[in-house]
Structure formats: C-alpha cells, structure tokens
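Q: Sharing a structure below in structure tokens format, with a few things to ask.
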Amino acid sequence: GARTNMESDEQRAKEIDGSTLEGGGQILRNSFAYACLFRQPVKIHKIRAGRPKPGLAAQHLASIRLVRDIASGRLVNDFVQSCELEFYPKELTGGEFVADPKTAGSITLMMQASLPVLLYCKHPSDVTYKGGTFVSTSPPILFVRDVLMPTLQRMGIHFDLTVKQTGYYPRGGGNVQLTINPIRYVEPIQLMDRGTISSIRLRVFAAGNAPKSAPKRMAAAARELLVTAFGTDISVDTLIEMETHTPSSGTGINITAETSTGCLFHGSACGDRDTPFEETGRAAAQFLIESIQHGGCVDEHLQDQLIIFMALARGRSSIRCGPLSLHTETAIYIAKQFTNASFTVRQEEENYVIECDGIGFENSHLNC
C-alpha cells in the first residue's frame with residue numbers, strides 16, 4: 001500500500017552534502033532541478049553550513065517551494081534556517097506559479113532554480129517572481145534579459161520576460177513575469193570564438209528617493225574606464241531610467257558588451273550610501289573589463305549558469321571561458337551526481353575550455 005511506497009521513496013533518496021565546494025544555495029537549486037527531471041527524491045544536509053547565517057534563507061525557501069509546486073512534490077523541513085531538506089518530486093504539469101520570499105531575495109536566483117524544470121513540463125507555464133531585481137550578491141534581472149536569455153536561445157530555449165516592477169534591498173517589491181513553453185530537447189552550444197567587442201550598452205537607474213544625479217555620475221565614471229579599455233570607436237549606448245514608486249530606494253548600473261560573434265558579457269553594481277556613485281560605476285566597468293580580458297566567450301555568471309543546460313543537451317557543448325569559478329566547479333560536481341554527462345576542462349593559453357557530452361534528456365510529455 002501507500003506506506004511501503006513512502007519507504008521506498010525515502011530509501012532511494014539521493015544524499016547530497018550541501019557544504020561541498022561552493023557550499024551555497026546553488027547546490028540546492030541544481031539538485032532540486034535534477035531531482036524533478038529524473039523524479040529522483042533527494043536529501044540535502046549541511047545546507048550552507050559554512051555561511052555566516054547557515055541554513056535556508058527566505059530566497060532559498062521561495063525557490064525550493066516554487067520548484068516543489070511545479071513538480072507537485074513534497075518537502076520535509078522547509079523552514080528558514082533549516083540545514084536539512086528532503087524533497088519528493090512528482091509530475092511536471094506546468095501552469096501558473098508564484099514565488100514570493102516577502103523580502104528582497106534575488107529574483108534571478110529563483111529563476112535559475114526553476115528554468116530547467118519549467119522546460120520539461122507538459123504544458124506552458126506563467127510564473128510571477130517577487131522580490132529583488134537588483135541586489136548586491138547576485139546577478140541582476142537585466143543579466144537574465146540581456147545575457148542569459150539570448151544565449152539560451154542558441155540552445156533552443158525560448159521564454160518571455162517582463163519586468164513589471166523593480167525591487168531593491170531591503171523591501172524588495174519587484175515583480176517579474178516569465179512565460180515559457182516546454183521543449184523536447186535542449187540543443188548543445190558552441191561558444192568558442194570570441195570575436196571583437198562591437199557594442200556596449202549602459203543601463204543606469206535611480207529609484208525611489210535616490211539622488212537624481214546618481215545615474216549620470218555612475219555612467220560617466222564607467223564610460224571613462226570603458227573607453228580606456230576598448231578605445232573610442234566602440235559605440236556606447238547609455239539609457240537612464242528614473243523610477244519614483246518603489247518600496248525601497250536604489251541606484252545601480254548594468255553594462256552589457258556584445259562581440260562580433262554574438263558573445264555577451266555583463267558587469268553590474270548596486271549603489272550604496274557609503275560609496276560615491278563614481279566608484280559604483282567604475283566597479284561595474286571593472287568587472288566587465290576583467291571578464292573580457294581572459295579572451296573567453298562567457299562572463300563569470302554565465303559560465304556556471306550554462307552547466308546544467310549543457311549536461312541535459314543532446315550532443316557536445318564547448319565553451320571558452322576564464323578560470324573556472326567555484327560556482328562552476330560546483331555545478332559540474334552536482335551534474336555528475338545526478339547524470340552521466342561527461343565534462344572535461346582543459347587550459348588553452350590564458351583561457352579554459354569546458355566540454356560536455358550531454359545526456360540528450362528528452363521531455364517525455366512531448367515525445368509522441
């Protein structure tokens with residue numbers, strides 16, 4: 001009966017040590033995604049064990065509850081500061097979902113947790129993510145819109161993204177809508193030829209009662225560094241956005257660089273009260289310049305976010321990148337725990353190449 005079924009589920013749960021390598025929320029996000037796709041129950045212990053505040057934060061909780069809802073699954077021990085979790089996923093149907101940490105938790109990271117799962121549902125999905133669109137510890141939503149989304153299109157992955165409301169620390173209040181259709185397979189990606197930098201876009205903003213001069217000051221300081229690094233003949237397109245009605249005030253800068261072969265790089269920084277706006281602008285430009293200097297085709301954030309899709313793809317993917325981040329090593333480690341995708345990393349002069357023979361995972365709902 002039902003009782004023995006429960007026991008066998010628990011017996012076949014895969015055990016994951018949440019303190020491995022990067023030891024953060026990414027282990028949860030990736031493990032839960034694979035768990036859903038393979039209907040593989042999972043138990044994660046020592047969650048964020050080495051962090052100043054160990055265990056689940058509100059944003060992790062909202063992410064895993066969203067994934068639970070998409071998979072009509074069951075969670076055990078899902079509360080703030082929990083250091084152990086069990087997850088028993090079921091059917092991936094699709095539909096309408098909401099993720100709301102009630103904080104400025106990163107919408108980008110909640111999206112990262114749910115995207116692979118939504119692709120393998122039976123029906124299209126509409127997801128509303130609430131929280132922070134621009135928070136200091138993770139890539140902003142414009143990274144998803146301007147870098148991740150166009151790159152995933154090369155893998156046959158298409159979705160629509162609408163930023164209805166931006167949200168900043170501490171109150172959040174952001175609202176992002178995602179509409180996505182399931183796909184049958186993820187296609188492999190080749191990002192090997194960097195090309196030359198062809199254009200740079202600056203997006204600077206001030207929200208709430210932030211100083212009106214902030215965007216111009218950030219943009220000017222960033223532009224100065226970019227011109228020094230890339231020369232004066234690259235077009236730098238600047239857009240300034242002022243928003244008055246946001247629950248929390250904020251300032252920030254997003255910089256996206258595109259190359260002649262369509263490679264995309266992103267640098268960003270959030271303003272804060274103790275930092276001159278010029279310094280914030282320079283920090284974003286510096287991050288971008290450094291992620292381009294190694295001659296690779298992806299920036300640091302894109303590097304780790306592509307791993308799960310490469311593991312699922314049908315065929316061989318190759319990406320040229322800078323030194324592997326700990327997030328990327330962790331993503332590869334988790335991919336190997338759940339799949340038999342094979343990854344090789346080799347150094348070529350000043351950059352690295354990550355190759356992956358994906359498992360060609362098929363959406364069983366669409367294979368008729």
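Q: Give the stretch 321-366 a look and list any residue that's of a type in the set (Val, Ile, Thr) and either open to solvent by 20 Å² or more (accessible area, probe 1.4 Å) or over 20 Å from ASN30 (Cβ atoms) (or both), or say none.
A: Restricting attention to the stretch 321-366, the residues satisfying the condition of being of a type in the set (Val, Ile, Thr) are 328, 330, 332, 334, 339, 344-345, 353-354, 359.
THR344, VAL345, VAL353, ILE359, listed by residue number.
Q: Looking at (1) surrounded by fewer than 22 Cβ atoms within 10 Å (Cβ to Cβ); (2) over 26 Å from GLY315 (Cβ atoms); (3) touching a residue at least 60 places away in the same chain (Cβ under 8 Å); (4) within 17 Å of the chain's Cα centre (by Cα), which is the one condition that is false for GLN177?
A: All conditions are met except number (3).
Q: Also, quick follow-up: Does at least one position in the stretch 28-44 carry a residue that is within 18 Å of the chain's Cα centre (by Cα), assigned to a loop (DSSP other than H, G, I, E, B) and not aromatic (Phe, Trp, Tyr)?
A: Within the stretch 28-44, not a single residue is within 18 Å of the chain's Cα centre (by Cα), assigned to a loop (DSSP other than H, G, I, E, B) and not aromatic (Phe, Trp, Tyr).
Q: Which residues, taken from the stretch 41-58, are on the phi < 0 side of the Ramachandran plot and either of a type in the set (Asp, Glu) or in contact with a strand residue (DSSP E or B) (Cβ under 6 Å, 6 or more places away or on another chain) (or both)? If you could, list the steps in order and put the result at the bottom.
A: We begin by selecting, within the stretch 41-58, every residue on the phi < 0 side of the Ramachandran plot; these are 41-45, 47, 49-54, 56-58.
Answer for the stretch 41-58, where residues must be on the phi < 0 side of the Ramachandran plot and either of a type in the set (Asp, Glu) or in contact with a strand residue (DSSP E or B) (Cβ under 6 Å, 6 or more places away or on another chain) (or both): PRO41, VAL42, LYS43, ILE44.
Q: Could you run through the stretch 68-104 and say how many residues are acidic (Asp, Glu), within 23 Å of GLU15 (Cβ to Cβ) and in a loop (DSSP other than H, G, I, E, B)?
A: Here the count works out to 2.
Q: Taking interchain pairs and intrachain pairs at least six residues apart, which have beta carbon atoms under 7 angstrom, with the first residue in the stretch 315-337 and under 15 Å from VAL353 (Cα atoms) and the second part of a helix (DSSP H, G or I) and among the polar types (S, T, N, Q)?
A: The qualifying pairs are CYS321/GLN303; GLY322/SER291; SER325/GLN303; THR328/GLN303.
Q: Consider the stretch 211-226. How many of its residues are surrounded by 12 or more Cβ atoms within 10 Å (Cβ to Cβ) and over 17 Å from GLU258 (Cβ atoms)?
A: Let us first name the residues in the stretch 211-226 that are surrounded by 12 or more Cβ atoms within 10 Å (Cβ to Cβ), namely 211, 214-226.
Right, trim to over 17 Å from GLU258 (Cβ atoms) and you get 211, 214-221, 224-225.
Count: 11.
Q: For the stretch 135-161, which residues satisfy the criterion of being over 24 Å from ALA284 (Cβ atoms) and either open to solvent by 20 Å² or more (accessible area, probe 1.4 Å) or under 12 Å from the mean Cα position of the chain (by Cα) (or both)?
A: GLN153, ARG154, GLY156, HIS158, ASP160
Q: Condition check: among the acidic types (Asp, Glu), touching a residue at least 60 places away in the same chain (Cβ under 8 Å) and open to solvent by 10 Å² or more (accessible area, probe 1.4 Å). Does ASP272 satisfy that?
A: So ASP272 passes the test.
Q: Additional query: I'm trying to understand the selection: among the residues of the stretch 91-134, which are within 20 Å of GLY271 (Cβ to Cβ) and either open to solvent by 20 Å² or more (accessible area, probe 1.4 Å) or aromatic (Phe, Trp, Tyr) (or both)?
A: From the stretch 91-134, those within 20 Å of GLY271 (Cβ to Cβ) are 103-108, 131-134; that's our starting set.
Residues satisfying the conditions are THR103, PHE134.
Q: Right, next: Listed residues ALA284, ALA313; which is modelled with pLDDT of 95 or more and out of contact with any Ser or Thr (no Cβ under 8 Å at 6 or more places or on another chain)?
A: ALA313
Q: What's the total number of residues in the stretch 8-27 that are within 21 Å of the chain's Cα centre (by Cα) and assigned to a loop (DSSP other than H, G, I, E, B)?
A: Qualifying residue count, the stretch 8-27: 7.
Q: Okay, next question. Give me the pairs, please: first residue somewhere in the stretch 206-233 and closer than 16 Å to ILE292 by Cα and in contact (Cβ under 8 Å) with a residue 60 or more places away in the chain, second residue anywhere and open to solvent by less than 50 Å² (accessible area, probe 1.4 Å) and assigned to a loop (DSSP other than H, G, I, E, B), beta-carbon distance under 9 Å, and either six or more positions apart or on two chains.
A: LEU226/ILE234
Q: In the stretch 216-244, which residues are closer than 15 Å to SER199 by Cα and small (Gly, Ala, Ser)?
A: Result: ALA222, ALA229, GLY231, SER235.
The values are calculated or read from the model by the stated rules, or taken from the named source; none is laboratory data. Computed from a predicted structure; not experimentally measured. Every residue, glycine among them, receives a Cβ derived from its backbone with ideal geometry; neighbour counts consider all protein chains shown. For accessibility, only protein heavy atoms count, side chains too; no ligands or nucleic acids. Shrake-Rupley method; radii C 1.70, N 1.55, O 1.52, S 1.80 Å.
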